[in-house]
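Accompanying notes for the structure given below.
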Amino acid sequence: MSSEEAIRLEDQFGAHNYHPLPVVLARGEGVYVWDCEGKIYYDLIEAREKLKNDSVTFIRIEQLYPFPVKTLAKELQRFKKKAKFYWCQEEPKNMGAWNTARNYIEWTLKHIKADDIKIRYIGRKPAASPATGYAKKHLAQQKEIIEKVLS
């Protein structure tokens, strides 16, 4: 282990006021691990139940700061040899937690020596507004995201 890898997690991300993340692991021990936040988690769970697709594991991140790297590392450890990692969010790519969470998750994947240290994004394309303004368009985009995640 290099000296950079030996940095303690607390030193890297701060130990003050650290609160463990209430990570929610859903059923399934598949090769796809999805980190997500917000309401889309529930939509994904519901769709997965309808499809009876247990090959996908979801981890809901409920706390973004301080980012719970210790808890996430512990949860991702069992997937480090065979999984691909994804981030899913409802907000457009240039909004929401993606730009912050990506760096923490990639650092965590390096720290646990995962075979695949890249975190991929699935969600709405970058936009000037967090909402489309049209319910039909929003539902169509939501459906598209869920289909990408579960296909």
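Here are a few things to note about the model shown:
- Members of segment 57-66 found to be of a type outside the set (A, V, I, L, M), part of a loop (DSSP other than H, G, I, E, B) and either free of Cβ contacts under 8 Å to residues at least 40 places away in the same chain or closer than 19 Å to I40 by Cα (or both), listed by number: E62, Q63, Y65
- Residue match in segment 90-104 (condition: under 16 Å from L150 (Cβ atoms) and either surrounded by 15 or more Cβ atoms within 10 Å (Cβ to Cβ) or of a type outside the set (D, E) (or both)): yes
- Answer residue from segment 92-117, given it is part of a loop (DSSP other than H, G, I, E, B) and basic (K, R) and is nearest to K74 (Cα to Cα) among those: K113
- Against the list (1) at negative phi; (2) touching an Asp or Glu at 6+ places or on another chain (Cβ under 6 Å); (3) in a loop (DSSP other than H, G, I, E, B), the condition G38 fails is (1).
- For segment 41-56, a residue qualifies if it is within 14 Å of the chain's Cα centre (by Cα) and surrounded by 20 or more Cβ atoms within 10 Å (Cβ to Cβ), and the qualifying residues are Y41, L44, V56.
- Leading residue by the ranking (surrounded by the most Cβ atoms within 10 Å (Cβ to Cβ)) among those in segment 118-151 that are touching a residue at least 24 places away in the same chain (Cβ under 8 Å), of a type in the set (V, I, T) and not in a helix (DSSP H, G or I): I119
- Among the residues making up segment 72-117, those that are without any contact (Cβ under 8 Å) to a residue 60 or more places away in the chain, hydrophobic (A, V, I, L, M, F, W, C) and under 21 Å from Y42 (Cα atoms) are L72, L76, F85, W87, M95, W98.
- For segment 67-91, the tally of residues that are of a type outside the set (D, E) and assigned to a helix (DSSP H, G or I) stands at 10.
No lab work stands behind these numbers, since they all come straight from the coordinates. Since we're looking at a predicted model, the values are computed, not measured. Cβ atoms come from the backbone with ideal geometry, glycine included; neighbour counts cover every protein chain shown.
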